[in-house]
Amino acid sequence: MIYLDHNATTPVHPDVVEALLPFLTEKFGNPSSIHWAGRAVKGAVEEAREQVALLAGCEPGEVVFTASGTEADNMAVKGVAAALRGRGNHIIASRVEHPAVSNPCLYLEHNGFEVTWLDVDRDGLLDPERLEAAITDQTVLIAAMAANNETGVLFPTGEIGAIAARHRISFFCDGVQAAGKVPLDFRESGISLLALSGHKLYAPKGVGALVVRRGVKCHPLVHGGSQERNRRGGTENVAGIVAFGKACEISRETMVHDMARIRGLRDRLEEGILAQVPDARINGHRELRLANTTNISFAGVEADSLLMGLDLEGIAASSGAACSSGTLKLSPVLAAMGIPAGEAKGSVRFSLGRGNTGDEIDRVLAVLPGIVARLRGKP
Ligand SMILES: *Cc1c(COP(=O)(O)O)cnc(C)c1O
């Protein structure tokens, strides 16, 4: 079995499993309890907060643990909107945000906010000058992701942060795909709020974090007890948080080495496909891109058929286009880039990770050209 869908989720690292297990057994306390059972786990949650902060480049006190990347995204968008609605009702968001960001923005659009959706160019890049031109005296939030989940394309977060700072507007960055793949420097970046998710970096599903810069106004999404310094109610997912912290620590230690190796495999896969499959095109900027991701259009092929053919060979990849009730819904990300529908519907994302090997890439290159030729009716 060959897994090339790491942007969807990653396998949990064995050291992460080992770190979390005691918190499912003997270390069962509630971190808010002041007795021995609570104290035993409180320290572990705070250690995880430090580990996440080290990867993000922020202060531990700026990390708010959430139940997912999606929750962190919702908290950022709705929380800033709620806190600043007296100051303005305008949001700027890129057109290629993850649904966990675009749908909260749409929700606000239906509830009194105005959203300017920023286009990207054919390479998936965002133009900071156009972003700055979209700012009005009502703008309270800029939402622009660090790395795109479908194409891997990187946005210029430093430039966006500088613009946001100049206009004193909060800048929310979905860093879910970037974390563990490119260095993050929350302190220097000008980002006001940064979303992270555990299961995209070898921790379990169901844990994430929103980093909120000291002084940035953001209301809670989940109201309840005084956990997370009153920013997020609910008894902590201790095992998940400990796992997330450990996974961040491992990522920080291994990222440079891992990513160099993974980039080599990704490039080998791309070059092999371009050499062997006619009419294959890479979507997204070739350099300003995550090292593990490639999004490739196979003209004249339906992505789902190709994915099924690959699945029969034990190869897991994914498509940007989701097929719902027989009608092929095209990826909003590829549409925003101006990729013609004929190419977009044949686009497949391969996202590599720590476990992948050169032999696996060779195996994909041995079967993929034949599957594409068969689907094109040219065996
Ligand atoms: C996966 C993903 C999310 C959602 O994270 P979950 O933890 O799965 O809810 C948000 N943004 C991006 C860019 C993602 O890739």
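Scanning segment 99-113 for residues being crowded, with 20+ Cβ neighbours inside 10 Å and assigned to a loop (DSSP other than H, G, I, E, B) gives a total of 1. The single condition among (1) within 16 Å of the ligand (Cβ to nearest atom); (2) surrounded by 16 or more Cβ atoms within 10 Å (Cβ to Cβ); (3) within 27 Å of residue 269 (Cα to Cα) that residue 8 does not satisfy is (2).
Residue count for segment 56-101 satisfying the condition of being within 16 Å of the ligand (Cβ to nearest atom) and without any contact (Cβ under 8 Å) to a residue 24 or more places away in the chain: 1.
Table: residues versus (1) touching a helix residue (DSSP H, G or I) at 6+ places or on another chain (Cβ under 9 Å); (2) more than 28 Å from residue 352 (Cα to Cα).
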site	(1), (2)
119	yes, no
136	no, yes
141	yes, yes
148	yes, no
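For residue 150, are the conditions met, namely being buried (at least 17 other Cβ atoms within 10 Å of the Cβ), farther than 27 Å from residue 338 by Cα and in contact (Cβ under 8 Å) with a residue 12 or more places away in the chain? Judged against the criteria, residue 150 is not a match. Screening the candidates 317, 321, 275 for the property of being at pLDDT below 95 and either among the small types (Gly, Ala, Ser) or open to solvent by less than 60 Å² (accessible area, probe 1.4 Å) (or both) yields one hit, 321. Filtering 141, 154, 193, 201 for residues that are within 16 Å of the ligand (Cβ to nearest atom) and under 25 Å from residue 114 (Cα atoms) leaves a single hit, 193. Checking segment 165-185 against the condition returns a match, with at least one residue being more than 16 Å from the ligand (Cβ to nearest atom), assigned to a strand (DSSP E or B), over 30 Å from residue 330 (Cβ atoms) and touching a Ser or Thr at 6+ places or on another chain (Cβ under 7 Å).
Listed by position, the helices (runs of 4 or more DSSP H) inside segment 1-92 whose residues that are within 20 Å of the chain's Cα centre (by Cα) and modelled with pLDDT of 95 or more number at least 3 are 36-56, 69-84.
Those strands (runs of 3 or more DSSP E) of segment 261-379 in which at least 3 residues are of a type in the set (Val, Ile, Thr), considering only elements entirely within it, cover 293-298.
List pairs: first in segment 173-189 and touching a residue at least 40 places away in the same chain (Cβ under 8 Å) and open to solvent by less than 10 Å² (accessible area, probe 1.4 Å), second more than 14 Å from the ligand (Cβ to nearest atom) and in a loop (DSSP other than H, G, I, E, B), Cβ under 6 Å, 6+ apart or cross-chain? Matching pairs, first to second residue: 186/57; 186/58. Any idea which residue in segment 204-221 is nearest to residue 102 (Cα to Cα), counting only those that are assigned to a loop (DSSP other than H, G, I, E, B) and within 16 Å of the ligand (Cβ to nearest atom)? Here the answer is 221.
Looking only at residues in segment 114-133 that are open to solvent by less than 20 Å² (accessible area, probe 1.4 Å) and aliphatic (A, V, I, L, M), which one is nearest to residue 75 (Cα to Cα)? The residue in question is 115.
The values are calculated or read from the model by the stated rules, or taken from the named source; none is laboratory data. Because the structure is predicted, anything quoted here is derived from the model rather than measured. We place every Cβ from the backbone using ideal geometry, glycine too, and count neighbours over all the protein chains shown. Heads up: the accessible areas ignore ligands, DNA and RNA and are worked out on the full protein's heavy atoms, side chains in. Shrake-Rupley method; radii C 1.70, N 1.55, O 1.52, S 1.80 Å.
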